[in-house]
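Each remark here refers to the structure printed beneath this line.
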Number of protein chains: 2
Amino acid sequence: MELTERQKEIFGYIEKTVREKGYPPTIREIGKRFSCSSTGSVRDHLKALANKRCIECIPGVSRGIRLLRKSMYPSIPVAGRIIAGEPELAMENIEGEIRVDEKLAGDGKTFALKVKGDSMAGAGIREGDYVVVRPQESCREGEIVIALIEDEATVKRFMRRGKGVFLEPANPAYKPIPVDGRVKIIGRVTGLIRYYR
Amino acid sequence: MELTERQKEIFGYIEKTVREKGYPPTIREIGKRFSCSSTGSVRDHLKALANKRCIECIPGVSRGIRLLRKSMYPSIPVAGRIIAGEPELAMENIEGEIRVDEKLAGDGKTFALKVKGDSMAGAGIREGDYVVVRPQESCREGEIVIALIEDEATVKRFMRRGKGVFLEPANPAYKPIPVDGRVKIIGRVTGLIRYYR
DNA sequence: GACTATACCGCACATTTGTGCGGCTGTCAA
DNA sequence: TTGACAGCCGCACAAATGTGCGGTATAGTC
């Protein structure tokens with residue numbers, strides 16, 4: 001069964017609290033957050049969420065809310081679309097979530113991007129892999145970066161060649177791209193995750 | 001500062017409770033578990049753990065214990081050494097932990113292995129990567145597997161060629177290895193994690 | 001000896017927190 | 001109209017829970 005808007009909000013709050021504080025909220029804390037002056041209202045919601053198998057309420061136990069769906073683990077959003085000039089990933093452009101090690105999770109701005117094409121095959125980055133991206137505008141020689149070229153996000157290696165700066169694919173079938181006004185560096189690739197079926 | 005035996009036990013219990021129940025224990029629950037009839041005793045321990053930066057105690061909040069060290073996140077062990085004939089990874093052979101998405105975490109037997117050598121470079125698996133391994137004895141054509149060859153764990157692709165079965169590297173510099181008595185399949189590679197510095 | 005840390009016990013108290021029960025207003029489908 | 005939901009209010013009560021303050025004992029260190 002689907003969750004109502006309100007229920008989604010409350011479930012999200014419980015999730016967030018567990019993730020950030022390490023323990024679930026009390027009934028009254030939820031009420032405070034959503035301006036419910038009555039504990040009864042909150043309990044109605046918890047009951048609904050429990051019926052829909054989202055949480056489990058443990059009777060007689062303070063903060064006795066257990067998350068059954070989703071999780072309380074650190075995750076980064078998977079970007080569906082990247083828009084130039086927007087430092088933050090807009091909610092609408094998030095396709096999903098991937099849980100990662102905290103070494104990869106970064107500071108909250110880090111996101112993942114599904115790799116399209118085989119232009120980096122020579123560097124062991126393949127179509128369908130997820131690259132973990134830490135947003136930053138500058139980068140160093142040799143680093144693998146995400147750049148926006150005419151509204152298209154691509155993975156390339158950042159290199160200097162003589163006087164120019166280039167984004168180099170790791171595949172002889174593609175040509176280096178000179179970095180100029182049309183190219184915007186989005187961030188640096190800090191990790192890679194691949195799923196085998 | 002090092003933890004005493006008792007403190008380790010209590011810290012472990014808090015960790016376990018958070019992981020299994022989804023919320024930290026109360027002072028009295030800890031006392032019950034360790035046969036401390038006084039809440040004061042438990043608070044002494046919590047205070048000690050807080051001093052040693054293992055937990056944080058939030059005043060006035062029920063179950064207000066926050067884990068600062070280690071984690072409550074799903075992680076898989078990183079195998080340092082794999083021994084033939086032992087289905088479970090012995091504690092002594094665990095080098096560390098990596099947190100992963102639950103899709104990768106599997107059922108509890110899954111582990112990670114750091115890749116040595118470049119024999120699978122053609123398949124985008126590079127030296128230093130971590131492959132996620134689900135232990136199993138059989139595997140299908142084309143799957144990437146971990147095999148033990150003369151006590152050495154290697155990553156290869158499982159292939160049939162004519163009448164024989166081979167473990168094929170993805171690098172022309174290496175030769176396929178015929179599967180015979182000397183070769184033991186440890187498991188299947190279900191994922192890959194890479195860290196860029 | 002004085003001091004500190006660890007590891008316990010015990011009790012009273014105030015606060016936090018879940019619970020029970022009653023009530024209200026809408027909307028929507030049968 | 002009736003019924004089932006969603007969403008909300010209010011109150012009193014009992015249980016769960018953190019807190020303050022006191023005590024004992026052992027071990028190690030300066």
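No lab work stands behind these numbers, since they all come straight from the coordinates. Since we're looking at a predicted model, the values are computed, not measured. Positions of Cβ are backbone-derived with ideal geometry, glycine not excepted, and every protein chain shown enters the neighbour counts.
Points to keep in mind about this one:
- Low-density loop cleavage sites - GluC sites (Glu not before Pro) in the range A:1-48, where at most 15 other Cβ are within 10 Å (DSSP): A:Glu2
- Residues whose amide H falls under 5 Å from that of A:Ile186, counting only those 5 or more places apart or on a different chain, are A:Ile146, A:Ala147, A:Leu148, with hydrogens built in the peptide plane.
- Annotation for B:Arg53, label-to-label distances across the other copies: 4.4 nm (shortest first, one decimal, point 7 Å from Cα along Cα→Cβ).
- Viscosity 1.002 mPa s, temperature 20 °C, Stokes-Einstein D of the protein assembly as shown from Kirkwood C-alpha radius, µm²/s: 89
- Position A:Pro176, label points 7 Å along Cα→Cβ, spacing to each other copy in nm (shortest first, one decimal): 3.9
- Per residue convex hull volume, Cα atoms of chain A, in Å³: 148
- GluC sites (Glu not before Pro) within the range B:118-194, DSSP loop, no more than 12 other Cβ atoms inside 10 Å: B:Glu137, B:Glu141, B:Glu150
- Alpha carbon centroid spacing (whole Å) that separates the range A:105-179 from the range A:1-62: 42
- Dividing the mean sequence gap of close Cα pairs (under 8 Å, 6+ apart) by how many residues chain B holds gives a relative contact order of 14 percent.
- Neighbours of B:Val132, meaning other residues whose beta-carbon lies under 11 angstrom from its beta-carbon, give a summed charge of +2 when Lys and Arg score +1 and Asp and Glu score -1.
- Rough spin-label spacing in nm, given labels placed 7 Å along Cα→Cβ, for A:Leu68 and A:Lys116: 3.9
- If you take all other residues with their beta carbon under 11 Å from the beta carbon of A:Thr39, and give Lys and Arg +1 and Asp and Glu -1, the sum is +1.
- Contact order for the range B:5-67, expressed relative to its length and based on alpha carbon pairs under 8 Å spaced 6+ residues apart, stands at 30 percent.
- Straightening the chain between B:Arg6 and B:Tyr195 buys 64.4 nm, computed as 0.36 nm per residue apart minus the Cα-Cα spacing.
- Across the range B:103-169, the convex hull enclosing all Cα atoms gives 106 Å³ per residue.
- Summarising the strand pairing of the protein assembly as shown, around 95 percent of its internal DSSP beta bridges are antiparallel.
- Residue separation of A:Arg160 and A:Arg53 scaled by 0.36 nm, minus their Cα-Cα distance, works out to 33.0 nm of gained length.
- Compared with the dominant principal axis of the Cα atoms in chain A, helix A:39-51 is inclined by about 60°.
- Between 0 and 90°, nearest 10: helix B:5-21 axis offset from chain B longest Cα axis: 70
- Inverting the pair-averaged 1/r between distinct Cα atoms of the range A:5-67 gives 11.4 Å as its Kirkwood hydrodynamic radius.
- Candidates B:Ala50, B:Met120, B:Ile98 compared by Cα position along the dipole of chain B: farthest toward the positive end lies B:Ala50, with charges placed on Cβ.
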